[in-house]
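Enquirer: The structure under discussion is supplied below as structure tokens; questions concerning it will follow.
The values are calculated or read from the model by the stated rules, or taken from the named source; none is laboratory data. Everything quoted here is computed from the prediction, not taken from an experiment. Cβ coordinates were reconstructed from backbone atoms using ideal geometry, including for glycine residues, and neighbour counts include every protein chain displayed.
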Amino acid sequence: MDTTLHTLKAYRGRATLARQPARVLIDVRALKHIGRADLQTLSEVTARFPFRASDYYLGLIDWTDPHDPIRRLIIPDPKELSDFGNPDASDEASNTPLPGLQHKYPDTALLLVTDQCAAFCRYCFRKRLFQTDNRETVRDMSAGIEYIRQHTTITDVLLTGGDALALPTPQLQTIIEALTQIRHVHTIRIGSKMLAYNPARPLSDTRLHSLIRKTIAAGKNVYLMCHFDHPREFTPLALEALSVFREIGVECLNQCPVTAGINDDATVLADLLQQCTDAGCPQYYFFQCRPTSGNAGFVIPITRAFSLIDEARARVSGLSRRVRYCLSHATGKVEVVGLDPERIYARYHRAKNPGDEGRMLVFQRDDMATWLDDLVPVI
Ligand code: SF4
């Protein structure tokens, strides 16, 4: 199916949603299109992994299709309860010198500014943050900002969580203004899926726009790290929000995992690459879905993901081929660069241990392997 056409048709049918602030549902039992017995099962899932969805995003679902990718992305799945993975598959804990701050590579720091998102992706690699006993995010970011001030190698700060644009703008402003005062910070990245989940929110937030304008005028680069998983998320409203950010000087890039039933299809990935380029938000990374607890139904083998991405890349122009396919492993970002009948070839795109920077990795080919730790190295 032409996924773009589907989006536009679906969207036109719901034109009244445009520009209205999205309402958020947190009780899966409020979903009208799912039978009572199924809702009971889904409630058991959400007791462990919370549910959150915007009415805007639910409005993009084709409820007549039980395999609809948008549905799959947002509606809980009983497979989430299967015994699989661990809560922190990339061992982020080992890069966390203080609550709310991660520092893995010398030049880059992450501030986990919120434990909220406009909606919850069912495959989220940080779903541990949404569980009530988690303490990895803090409201007061001053200790994290002080850490960045004292570490002069940090030139690039990613505001994440959660979704950085789920944080109320006055709080975001306090953080961004403090970072703007730090000379060695050149780039502030805002990690967000808000343009897919609730584009009216950033589109209408003039205080956010003027904050970004001021930050850029003060000499900082501002990047919006978007998270579109499927071409159908590029609604006219999402495209409008993207163009507003671009007009005020924000560099937009996209990144997402390749996930079963959502985008594990070469046609869908090619369409996504093309739409990202057309929207001025080129795809930066495709990620291997991490073996996080609850993600059993979303993970696909590495060789399959690589082959799908390769096929998708072959269908788009050079501008759309810049994307890298990486595993965010505890030891660094490992880019898979090739396959042959016997081997998988990879290299460290980013390495936690400086001695691994750029190092080539060769593994025995294993078409069932889904994570680096499953592979047997050859050299
Ligand atoms: S938007 Fe990001 S942090 Fe939020 S649920 Fe999705 S993947 Fe997780």
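Enquirer: Within the stretch 80-130, track down each residue that is of a type in the set (Val, Ile, Thr) and within 20 Å of SER192 (Cα to Cα).
Expert: Within the stretch 80-130, THR108, VAL113, THR114 meet the criteria.
Enquirer: Which residue out of ARG183, ARG135, ARG139, ARG189 is over 22 Å from ASN95 (Cα atoms) and among the basic types (Lys, Arg)?
Expert: Every option except ARG183 fails the conditions.
Enquirer: Taking the stretch 271-299, which residues are aliphatic (A, V, I, L, M) and in contact with a Cys (Cβ under 7 Å, 6 or more places away or on another chain)?
Expert: Listed by number, the list holds a single entry, VAL299.
Enquirer: Looking at the stretch 278-295, can you tell me whether even one residue there is more than 16 Å from the chain's Cα centre (by Cα), in the same structural domain as ALA196 (by TED's automatic domain parsing) and over 24 Å from CYS252 (Cβ atoms)?
Expert: yes
Enquirer: To continue, here is another question. So which residues in the stretch 311-362 are farther than 25 Å from ASN86 by Cβ, in contact with a strand residue (DSSP E or B) (Cβ under 9 Å, 6 or more places away or on another chain) and among the acidic types (Asp, Glu)?
Expert: Within the stretch 311-362, GLU342, GLU357 qualify.
Enquirer: Would you mind stating whether ILE300 is under 24 Å from the mean Cα position of the chain (by Cα), surrounded by 15 or more Cβ atoms within 10 Å (Cβ to Cβ), hydrophobic (A, V, I, L, M, F, W, C) and at negative phi?
Expert: Here the answer is yes, as ILE300 does meet what is asked.
Enquirer: Checking LEU112 against (1) within 11 Å of the ligand (Cβ to nearest atom); (2) within 17 Å of GLU177 (Cβ to Cβ), which single condition isn't satisfied?
Expert: Failing condition for LEU112: (2).
Enquirer: Can you find even one residue in the stretch 33-56 that is in contact (Cβ under 8 Å) with a residue 40 or more places away in the chain, part of a helix (DSSP H, G or I), within 13 Å of the ligand (Cβ to nearest atom) and of a type outside the set (Gly, Ala, Ser)?
Expert: no
Enquirer: Would you check which residues across the stretch 278-294 are free of Cβ contacts under 8 Å to residues at least 40 places away in the same chain and part of a loop (DSSP other than H, G, I, E, B) and list them?
Expert: GLY280
Enquirer: Related question: All but one of (1) out of contact with any Lys or Arg (no Cβ under 9 Å at 6 or more places or on another chain); (2) surrounded by 14 or more Cβ atoms within 10 Å (Cβ to Cβ); (3) of a type outside the set (D, E, K, R); (4) free of Cβ contacts under 8 Å to residues at least 24 places away in the same chain hold for VAL337, so report the exception by its number.
Expert: (1)
Enquirer: Still on this structure: Has the stretch 58-73 got at least one residue that is within 12 Å of the ligand (Cβ to nearest atom), in contact (Cβ under 8 Å) with a residue 24 or more places away in the chain and crowded, with 21+ Cβ neighbours inside 10 Å?
Expert: The answer is yes; a qualifying residue exists.
Enquirer: I'm checking my understanding of the structure. Among residues of the stretch 186-234 that are of a type in the set (Val, Ile, Thr) and within 23 Å of the chain's Cα centre (by Cα), which one is surrounded by the most Cβ atoms within 10 Å (Cβ to Cβ)?
Expert: My answer is ILE190.
Enquirer: Then there is this: Would you confirm whether any residue within the stretch 87-109 is within 28 Å of ILE26 (Cα to Cα), within 16 Å of the ligand (Cβ to nearest atom) and surrounded by fewer than 18 Cβ atoms within 10 Å (Cβ to Cβ)?
Expert: There is at least one residue in the stretch 87-109 that is within 28 Å of ILE26 (Cα to Cα), within 16 Å of the ligand (Cβ to nearest atom) and surrounded by fewer than 18 Cβ atoms within 10 Å (Cβ to Cβ).
Enquirer: Output the helices (runs of 4 or more DSSP H) that fall wholly within the stretch 120-208 and possess 2 or more residues being free of Cβ contacts under 8 Å to residues at least 40 places away in the same chain and away from the ligand (no atom under 16 Å from the Cβ), or say none.
Expert: 142-150, 169-180
Enquirer: Take the residues in the stretch 218-251 that are of a type in the set (A, V, I, L, M) and more than 16 Å from the ligand (Cβ to nearest atom); name whichever of them is farthest from CYS289 (Cα to Cα).
Expert: ALA218
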